[in-house]
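Structure, as structure tokens:
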């Protein structure tokens, strides 16, 4: 009973740590990018200040905004919060891991995306419609690739549960799996597309015609915008943690002792910082693609995940 | 096996010598002399094999038995007669300016190297070396097909290179698969696993059927491309028509035979291990398809050499069909057909070469009245076409008759497409040739310097084989038939 | 599970074989000349590493000779030849157009599935623990053939041909521990001569046709043959209705 309570408390704590750390990851990303581009960087906690500022601001709503427009930010944030609660950040054996299914995760993302698109269409502006259609196109192409990669990983671990799969991979030790290599590349490309990073979308752009994701939330202000921005940062962190969990799971805690938890926190922090640096290098090396080249980019990632599945079936199973 | 070594080394050394001095006027004569030496030693070797039975070289790298010995003699013979023809022909080409002296050097040396590669392919015991020799044969002739450097010639040579390259690569994969099956039976570490004698003898019946089936499919596609089986034949009409005529003669007459020889050797291995007749059925199917399709394509041609290349495809299809049917009668017929087709086709190409020199063009509708301008060429073309179409008393009639008889015995319904095909091919050939040979010669057409001796020798041999196959030759064929099909036809 | 129970070297063999298959796919979609040549060189390097690993795992030292042959030919000589040819022909910045790259890649995936299906019936004979790489080698060979069939640049066709040979060599390494030495030397010699001849050909093609786009080599097609003309003497040919 006592251990149950501890477990649930740890689950809640992990979820809170997750959403609290998301803006920190965003800040670190921005800082590294500024250094790489030889600019003066804002401090790492700047994102917190931005969120606080937005929460204080007064909201303006369009006249024809329906109830949907007002409700969507909360839906999106709740979906992301739930998703963050099930992804193992520091430790694997939590009771919330029972619903940590990868398909459920994809479902959460789809839910958030669907409602954001609806909100964009709700106002009736041109940019809202444009952003919604673009985002849906990218999602339609990225989802098969992601699911194929996820299935490949699940076939190796014989489960779609993220927590159980992480544990399996942790126990298998160092195994050179080509399917994992290809799935990593495919997932990375899909993550870049879904979180609106270069080369699919430039998150720092202010030109509306070049926006994919930003165009959908142009009309939001005040605390609505704060929630949506925070949800976006949580999404980026979720993708990063999935990649880190599956492919480099060493350091994650498998029991609830204080030592293991501390090691888990330090390990995941270090891995996320490193992943952010890799992302920044990638973004600096590549230029944003024209929109009609995005299907080719995502087609290549789909082929990579197909290849991952094929190499798994051909080379890694049986003898 | 010193006679074999002489047979192989003479063309190789000749090729190297001609690479240095091939542009001199004496090069044609040296070419002929090398051909005479090769033919002489091949004939001597054949007599030795005839007297003492199959010969295996001490290193077990070469093996001469009844099947390949007569092909070796045939290759050397046709190589010799074609080199006799090529002497005045290339002189004429140089005078007309179509070939520079540097390219003449290339031509002469590659000619002998090509003969060497074919002889190597015929006499080797190692399946891997067989592949290497076949690829070498392709490589030596590629530059010769494009000798005239016109856009059409270069396109033909590129097509030849690429299509045969793809095909040959599949054949290499098939060879690897055979090696895989054999190594599985013999274990790793022996160095004789790719030897045909070993595979045919000890391993017969014991190679894994799945691997051998897969290997045969790849080898059929691979070597079948070089034989010119439809639908892998697209390179053949181009390559045989765009190169200089001596090249067309040896490609049509000899290389197709060597590729089919490789295919039949492999089929002998496969039949021993597979207890179904899959290999035979596949060969029959492809052979019949080539036979019918080529006969139909014959009619549409406007270039005389292309027309006769399609005739080559048709006849090689017929021979493949015969070998696929198996059985002593069909095999005997197919072996005979290989010989007479080779002799007749090379004679035709030689005649056609002179006819084109005479008329100044290769287009059928612009060649007229050959028999008026130069009766030797006209008669040669007429008799050659009659021979290849299967008229008695030429030898082609005998072999086609034997194949028809064998088909009637085992696959009676297939005689109908065969007969129809013969009729269609005859109609196509005679339709075009009749216009070329007879009719009013266009003004300004003068006789050319032509040595019709090779043509007369070839046609005489074909006639002889049609009237009465000499005793030693029929015994040769019988031994080969026993080897391939396991029973004697006589 | 299958792969987790193998030793580290065998896992490395599988990993490098999968990466070689990946380079085949990259070559299918790569339109620019120089990256295509470099990708081909990478494929040769990966296959060399696999040969060395198989030599170590299965204790067949003569495979090192095989690996050295592959390295010198497929990684050094042939890419260098093609690189120099591209520069001499002034085509190093050329990029050809592929109509449907995604369809092409999916076709490649279908070929991989096909070769796996075909190889299933024969892999049980191999003694090597990583024998499923036979399917990968067949796939590399078929993908090389696909490259030759669908690409319009002559250089891409040549690279497809060389890639086919790489696949076959790889098949020999993983199924039969390499071929007898004399056969391997013969094959390597043939490939080298073929590469040199291809180089000579590129110049002829460029001089005759003005480009290396094989779509323009169609003078000898059956459909393009010119119709029969009137007789040379001006009279209608016998048999013509006139």
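So which residues in the range B:246-262 are over 8 Å from the mean Cα position of the chain (by Cα) and more than 18 Å from residue B:168 (Cα to Cα), if there are any at all? B:246, B:247, B:248, B:249 - these are the residues of the range B:246-262 that are over 8 Å from the mean Cα position of the chain (by Cα) and more than 18 Å from residue B:168 (Cα to Cα).
Restricted to the range A:47-59, and to residues there that are surrounded by 12 or more Cβ atoms within 10 Å (Cβ to Cβ) and in a loop (DSSP other than H, G, I, E, B), the residue that is modelled with the lowest pLDDT is A:59.
Residues satisfying the criterion are present in the range A:263-281 (criterion: touching a residue at least 40 places away in the same chain (Cβ under 8 Å), away from chain C (no Cβ under 14 Å) and touching a strand residue (DSSP E or B) at 6+ places or on another chain (Cβ under 8 Å)).
Per-residue answers, yes or no, for (1) within 17 Å of residue B:170 (Cβ to Cβ); (2) more than 12 Å from chain B (Cβ to nearest Cβ):
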site: C:97; (1), (2): no, yes
site: C:107; (1), (2): no, yes
site: C:142; (1), (2): yes, no
site: C:156; (1), (2): no, no
site: C:165; (1), (2): yes, no
site: C:181; (1), (2): no, no
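Of all the residues in the range C:167-179, those that are within 8 Å of chain B (Cβ to nearest Cβ) and assigned to a loop (DSSP other than H, G, I, E, B) number 2. Across the range B:205-236, the number of residues qualifying as more than 12 Å from chain C (Cβ to nearest Cβ) and in a helix (DSSP H, G or I) comes to 8.
Within the range A:171-180, if we keep just the residues that are more than 7 Å from every other protein chain (Cβ to nearest Cβ) and in a helix (DSSP H, G or I), the residue that is farthest from residue C:9 (Cα to Cα) turns out to be A:171.
Being surrounded by 14 or more Cβ atoms within 10 Å (Cβ to Cβ), part of a loop (DSSP other than H, G, I, E, B), free of Cβ contacts under 8 Å to residues at least 24 places away in the same chain and out of contact with any strand residue (DSSP E or B) (no Cβ under 8 Å at 6 or more places or on another chain) is a condition met by at least one residue of the range A:60-67. Within the range B:452-474, the set of residues being within 16 Å of residue B:398 (Cβ to Cβ) and surrounded by fewer than 20 Cβ atoms within 10 Å (Cβ to Cβ) comprises B:460, B:461, B:463, B:464, B:467, B:468, B:469, B:470, B:471, B:473, B:474.
Those residues that are outside any helix (DSSP H, G or I) and more than 30 Å from residue A:171 (Cα to Cα), I need them from the range A:89-136; list them, please. Matches in the range A:89-136: A:124, A:125.
Considering the range B:9-51, and only residues there that are touching a strand residue (DSSP E or B) at 6+ places or on another chain (Cβ under 8 Å) and crowded, with 21+ Cβ neighbours inside 10 Å, the residue that is nearest to residue B:110 (Cα to Cα) turns out to be B:45. Residues in the range C:1-60 that are part of a helix (DSSP H, G or I), free of Cβ contacts under 8 Å to residues at least 12 places away in the same chain and at the interface with chain A (Cβ under 10 Å from one of its Cβ atoms): C:3, C:4, C:5, C:8, C:11, C:15, C:22.
Residues considered: A:252, A:242. Of these, the only one that is within 19 Å of residue A:165 (Cβ to Cβ), under 17 Å from the mean Cα position of the chain (by Cα) and crowded, with 17+ Cβ neighbours inside 10 Å is A:242. In the range B:365-380, what count of residues is obtained for those that are more than 14 Å from chain C (Cβ to nearest Cβ) and touching a residue at least 12 places away in the same chain (Cβ under 8 Å)? Final tally of qualifying residues: 6. Mind listing just one residue for me: the one in the range A:151-184 that is modelled with pLDDT of 90 or more and under 17 Å from the mean Cα position of the chain (by Cα) and, of those, surrounded by the most Cβ atoms within 10 Å (Cβ to Cβ)? My answer is A:183. Working only within the range B:171-190, note down all residues that are surrounded by 24 or more Cβ atoms within 10 Å (Cβ to Cβ) and either more than 7 Å from chain C (Cβ to nearest Cβ) or in a loop (DSSP other than H, G, I, E, B) (or both). Answer for the range B:171-190, where residues must be surrounded by 24 or more Cβ atoms within 10 Å (Cβ to Cβ) and either more than 7 Å from chain C (Cβ to nearest Cβ) or in a loop (DSSP other than H, G, I, E, B) (or both): B:171, B:174, B:175, B:177, B:178, B:181, B:182.
Does residue B:292 meet the test of being part of a helix (DSSP H, G or I) and under 17 Å from residue B:429 (Cα atoms)?
Yes: the conditions hold for residue B:292.
When B:427, B:387 are checked against the criterion of being in a helix (DSSP H, G or I) and buried (at least 24 other Cβ atoms within 10 Å of the Cβ), B:387 stands alone in meeting it.
Count of the range C:110-126 residues, restricted to those that are within 8 Å of another protein chain (Cβ to nearest Cβ) and either surrounded by fewer than 19 Cβ atoms within 10 Å (Cβ to Cβ) or at pLDDT 95 or above (or both), is 4. Restrict the check to the range C:202-217 and report whether at least one residue is within 9 Å of chain B (Cβ to nearest Cβ), out of contact with any helix residue (DSSP H, G or I) (no Cβ under 7 Å at 6 or more places or on another chain) and either at pLDDT 85 or above or more than 16 Å from residue C:33 (Cβ to Cβ) (or both). Yes - at least one qualifying residue is present in the range C:202-217.
Restricted to helices (runs of 4 or more DSSP H) entirely inside the range B:53-168, those with at least 1 residues that are in contact with a strand residue (DSSP E or B) (Cβ under 8 Å, 6 or more places away or on another chain) and more than 14 Å from chain C (Cβ to nearest Cβ) are B:66-96, B:101-123.
One residue stands out in the range A:282-319 among those that are free of Cβ contacts under 8 Å to residues at least 24 places away in the same chain and more than 14 Å from chain C (Cβ to nearest Cβ): the one that is nearest to the chain's Cα centre (by Cα), namely A:285.
For the range B:432-443, the count of residues that are over 24 Å from residue B:301 (Cα atoms), within 24 Å of the chain's Cα centre (by Cα) and at pLDDT 85 or above is zero.
Inspection of the range C:50-67 finds no residue satisfying the criterion of being touching a strand residue (DSSP E or B) at 6+ places or on another chain (Cβ under 8 Å) and surrounded by fewer than 19 Cβ atoms within 10 Å (Cβ to Cβ).
The values are calculated or read from the model by the stated rules, or taken from the named source; none is laboratory data. None of these values were measured; they are calculated from a predicted model. Quick reminder, even Gly has a Cβ in these numbers, built from the backbone with ideal geometry, and neighbours come from all protein chains shown.
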